[in-house]
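Data block below; observations after.
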Amino acid sequence: MSRKPRLILSRQALAANYQRLSSFSGQAECAASIKANAYGVGIDFVAPVLWEAGCRTFFVAYLEEALALKSLLPDAIIYVFHGFKASEITTARASAIRPVLNTLEEIRLPGIAELRPAVHVDTGMRRLGIPQYQHDRLLEEISTCQPSLLMSHLASADEPLRPDSEQQRHVFESVRSSLGVLCPPSSLTNTAGILLGDPYHYDLVRPGIGLYGGSPDPNDPKGFEAVVTWQAQVIELQQVRQGETVGYGGSYVAQHDLRLATIGVGYADGYLRALGGQGEVLVEGQRCPIVGRVSMDLITVDVSSLASVNEGTWVEIMGTGISVDTVAAKANTIGYECLTRLGARMERMNV
Ligand SMILES: *Cc1c(COP(=O)(O)O)cnc(C)c1O
């Protein structure tokens, strides 16, 4: 009987990526963005490894994620990106979880100063944070919430040739200089922003994707190592004759006789359906193309070029041989989506 697809998670690669991002960031503290179950990699695996590597500050999206993290790392400093409601103050206070305040209303919440919040100023992303037309009001009121961190977020850090990041940094600078001596420690960058260099680092950086082995520029991966190696087993081998079709809808027509391996992974595991006829997997060290559509639990791969492949052979779907960014490009998406879609059914092995 065949086994479920599996994820082999490398502690060494995760710790090395953290050290690398930290060394790219100069004097700034290197925090970690671990929202969405650590980008799908798994918070239970990721949090203790990062702590051991020296990471002390973490960012999540929701209070529930913060509470889960707190139970893994009781001494961690944890910020919650998605703002805060008055009803959550008691819970946050009891667990020493710090909100990121995104609106003037949140800054005015009674008792908020006790939580040592961060304040998010929008500098041009226009998604979260106090918008620029309210910065004057913010400057008048910010001291009431006694922020532990001033933050903003770059919209186009992964496109260093555009002027956008520099414009955002200037807006951030003007808020900082208006605050003068009252300015709290500051944080502007994600992974891509770290690579923009020293003026962007401030006091704390908060990378996500680089920790997990993705890169802002797939053509220049900066040495980030694959944390996730995704493998699946060959379940059946078939001979297909020229002119025969493969899979749902008969969308693939064999141009010549071929040997076909059916592999136990599909879109239910997060193997994106867009990879049908586009993706490749690594069989016995060799890249082999997906033919036909991706099914819920299966893909079909042309292994004609291989001398030997057997039922039960483990195949690399994504990992050191085929990077998350390569898979993403073939699916016309980004590495973030490939990671966060990794399915719950798979076996996970920490090495
Ligand atoms: C997710 C996130 C990050 C991390 O971004 P990466 O591109 O994964 O490094 C940093 N800051 C904010 C506000 C985020 O939402």
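Considering the conditions (1) within 13 Å of the ligand (Cβ to nearest atom); (2) in contact with a Lys or Arg (Cβ under 7 Å, 6 or more places away or on another chain), S148 is excluded by exactly one of them, (1). Do we find that R127 is exposed (fewer than 14 other Cβ atoms within 10 Å of the Cβ), more than 22 Å from S25 (Cα to Cα) and under 22 Å from the mean Cα position of the chain (by Cα) in this structure? Judged against the criteria, R127 is a match. In the condition set (1) assigned to a loop (DSSP other than H, G, I, E, B); (2) buried (at least 21 other Cβ atoms within 10 Å of the Cβ); (3) in contact (Cβ under 8 Å) with a residue 60 or more places away in the chain; (4) within 16 Å of the ligand (Cβ to nearest atom), E225 is compliant with all but (2).
In summary, S215 fulfils each of the numbered conditions (1) surrounded by 15 or more Cβ atoms within 10 Å (Cβ to Cβ); (2) away from the ligand (no atom under 12 Å from the Cβ); (3) not in a helix (DSSP H, G or I) with the single exception of condition (2). Taking the conditions exactly as written (among the aliphatic types (A, V, I, L, M) and touching a Phe, Trp or Tyr at 6+ places or on another chain (Cβ under 9 Å)), does L204 satisfy them or not? Criteria not met by L204. Scanning the range 301-327 for residues that are surrounded by fewer than 18 Cβ atoms within 10 Å (Cβ to Cβ), free of Cβ contacts under 8 Å to residues at least 60 places away in the same chain and more than 27 Å from G208 (Cα to Cα) yields S304, S305, L306, A307, S308. Can you work out which of the residues in the range 244-300 that are of a type in the set (S, T, Y) and closer than 19 Å to C338 by Cβ is surrounded by the most Cβ atoms within 10 Å (Cβ to Cβ)? Looking at residues that are of a type in the set (S, T, Y) and closer than 19 Å to C338 by Cβ, I get Y271.
Within the range 328-341, residues that are at pLDDT 95 or above sit with their Cβ atoms under 7 Å from residues that are among the charged types (D, E, K, R), at 6+ positions apart or across chains, in these pairs: A328/E337; G335/D325. Pairing residues of the range 101-123 that are closer than 23 Å to V171 by Cβ with residues that are assigned to a strand (DSSP E or B) and of a type in the set (F, W, Y), at Cβ distances under 6 Å and at least 6 apart in sequence or on separate chains, gives A118/Y79. So which residues in the range 142-197 are aliphatic (A, V, I, L, M), over 16 Å from D217 (Cβ atoms) and either buried (at least 21 other Cβ atoms within 10 Å of the Cβ) or in contact (Cβ under 8 Å) with a residue 12 or more places away in the chain (or both)? The answer is I142, L149, L150, M151, A155, V171, V175, L179, L182, L188. I'd like to check something: does the range 237-252 contain any residue that is touching a residue at least 60 places away in the same chain (Cβ under 8 Å) and part of a strand (DSSP E or B)? Scanning the range 237-252 turns up at least one residue that is touching a residue at least 60 places away in the same chain (Cβ under 8 Å) and part of a strand (DSSP E or B).
In the set (1) at pLDDT 95 or above; (2) surrounded by fewer than 23 Cβ atoms within 10 Å (Cβ to Cβ), N17 fails one condition alone, (2).
When you check A61 against the structure, is it within 12 Å of the ligand (Cβ to nearest atom), of a type outside the set (D, E) and surrounded by fewer than 17 Cβ atoms within 10 Å (Cβ to Cβ), yes or no?
Working: within 12 Å of the ligand (Cβ to nearest atom): yes; of a type outside the set (D, E): yes; surrounded by fewer than 17 Cβ atoms within 10 Å (Cβ to Cβ): yes.
Against the criterion (within 12 Å of the ligand (Cβ to nearest atom), of a type outside the set (D, E) and surrounded by fewer than 17 Cβ atoms within 10 Å (Cβ to Cβ)), A61 qualifies.
The values are calculated or read from the model by the stated rules, or taken from the named source; none is laboratory data. Keep in mind that this is a model prediction, so the values were computed, not measured. Note: ideal-geometry Cβ built from the backbone for every residue, glycine included; neighbour counts use all protein chains shown.
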